[in-house]
Amino acid sequence: MKKTILLMLLFYSGILFAQEKTFYLKSGDKVSGNITAETDSTYAIETTFGSVTINKKDIKPEEAIIYLKSGDKLKGIILSESDEGIKVKAQFGEVSISKEKIDRIDFKSMGAVARGFQRPGQTEEGRWYYGKERLIDIYFDPTGYTVGDNVLYLSLLSWGYGLSDRFQITSKWGGYFWGDLNFRPKYTVFKKGNLKSEHAFAIGGHFHMRGRPAKYELVSDNSLLGNIWGDTDKRWVRIGYTVENEDWDNDGIVDEIYINDDPTDGDKMWMEYFAAYTISNLKKSGQGRINHTIGATLTTYPGYDPMPRAYYGIHADARRNLKLIFEAFYDPYWASALEYRDGSEILSGFDFDFGFIYAYSENLQLGIHFQRPWIAFYYKF
């Protein structure tokens with residue numbers, strides 16, 4: 001019996017000491033490895049460059065704010081960490097918290113990288129599990145996340161408000177000027193996982209009182225104008241276009257026929273439905289996340305078959321305040337700026353977009369991307 005207990009103690013102590021840990025030192029150094037021994041004042045660590053001994057007094061305390069899924073929040077120094085949870089020294093004492101109960105951790109900046117150890121791209125030290133911005137849309141395509149409880153944002157084209165952590169309403173305010181009262185509810189059906197890997201799934205719709213969707217079809221002027229001018233050019237026009245006659249001298253004879261695809265002139269109600277699934281993975285470095293989103297939208301407009309769009313997007317934290325974004329999508333009703341201008345007849349339906357979002361501050365975000373309207377801007381209150 002005693003031998004069994006001894007073997008069990010040796011087994012569990014081996015597991016304890018085999019856990020890899022990263023130490024941030026007051027000097028600015030960072031050392032990672034497996035703990036092989038511990039005393040009251042030191043750690044013995046097996047690293048990739050050999051065995052080292054670290055004095056506990058040389059370790060820089062790692063201060064963090066822990067947000068729990070219950071809505072509670074703790075601030076303190078992280079004493080220990082494992083795959084199961086963390087131990088925090090808070091103002092009211094030491095607390096052990098399971099990682100399954102943690103929604104988010106914000107680490108206090110560890111300061112500048114030690115002189116002589118900096119390399120290109122290494123401008124930030126320490127851990128930061130989340131950047132300054134979590135995207136609710138990849139430009140115009142939704143992700144699985146919402147803007148957050150009681151958060152209001154305003155952009156160049158839209159505004160939105162988070163009624164809860166899972167439900168938001170946004171609207172394109174530009175449409176108000178031509179009578180398009182529109183609203184876009186979005187609900188996160190579930191958000192599960194842990195700090196290392198999180199999954200979120202959202203559904204919603206965009207409802208318009210009038211106007212026309214940003215969908216296009218290629219038409220021939222010759223077929224529409226009855227070959228009056230012998231014009232065989234083709235061009236992209238907005239879904240819901242009309243063919244209108246002009247009688248300039250009011251003699252009852254049509255002088256001109258033209259296509260009207262002005263999005264402000266549409267007078268029919270139309271809708272768009274969407275679903276998006278996002279996987280957010282923590283980088284191995286502990287500095288930011290890589291997020292993958294797959295989704296689909298379905299636009300309905302009177303007189304047309306439902307118009308589908310499917311997309312895959314990836315956005316990664318390059319810095320705390322900078323996200324790099326790439327998106328590939330299939331949309332047979334979308335024309336890029338070049339195709340729209342030239343009336344290109346060669347269109348596969350597949351296209352892509354790329355760019356970045358820069359968080360100038362916690363409130364203001366700016367961005368540029370390849371597809372029109374090219375510039376992104378929004379401010380959070």
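The values are calculated or read from the model by the stated rules, or taken from the named source; none is laboratory data. Values in this document were obtained by computation on a predicted structure and should not be read as measured data. With ideal geometry, Cβ positions are generated from the backbone for all residues, glycine too; neighbour counts draw on all protein chains shown.
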* Right, Lys56: modelled with pLDDT of 85 or more, surrounded by 10 or more Cβ atoms within 10 Å (Cβ to Cβ) and basic (Lys, Arg) or not? -> no
* Flag if Thr53 is touching a Phe, Trp or Tyr at 6+ places or on another chain (Cβ under 8 Å) and of a type in the set (Ser, Thr, Tyr) -> yes
* **Looking only at the stretch 336-352, and only at residues there that are out of contact with any helix residue (DSSP H, G or I) (no Cβ under 8 Å at 6 or more places or on another chain), in a loop (DSSP other than H, G, I, E, B) and surrounded by 12 or more Cβ atoms within 10 Å (Cβ to Cβ), the one that is modelled with the highest pLDDT** => Gly349
* Structure fact -> Of (1) farther than 25 Å from Gly148 by Cα; (2) in contact with a Gly (Cβ under 8 Å, 6 or more places away or on another chain), Ser285 fails just (2)
* To do: State all residues of the stretch 295-334 that are within 12 Å of Pro213 (Cα to Cα), polar (S, T, N, Q) and crowded, with 19+ Cβ neighbours inside 10 Å; if no residue qualifies, say none.
  => Thr299
* Asked: Using beta carbons and a limit of 7 Å, which pairs, at least six apart or on different chains, have the first residue in the stretch 260-275 and surrounded by 15 or more Cβ atoms within 10 Å (Cβ to Cβ) and the second one part of a loop (DSSP other than H, G, I, E, B) and at pLDDT below 90?
  -> Asp261/Tyr241
* Asked: Which members of the stretch 53-68 meet the condition of being charged (D, E, K, R) and within 15 Å of Tyr129 (Cβ to Cβ)?
  -> Glu62, Glu63
* To do: Would you tally the residues in the stretch 50-85 being farther than 13 Å from Lys99 by Cα and touching a Gly at 6+ places or on another chain (Cβ under 9 Å)?
  => 7
* **Top-ranked residue in the stretch 254-305 [being of a type in the set (Val, Ile, Thr) and under 28 Å from Gly205 (Cβ atoms); ranked as farthest from the chain's Cα centre (by Cα)]** => Thr264
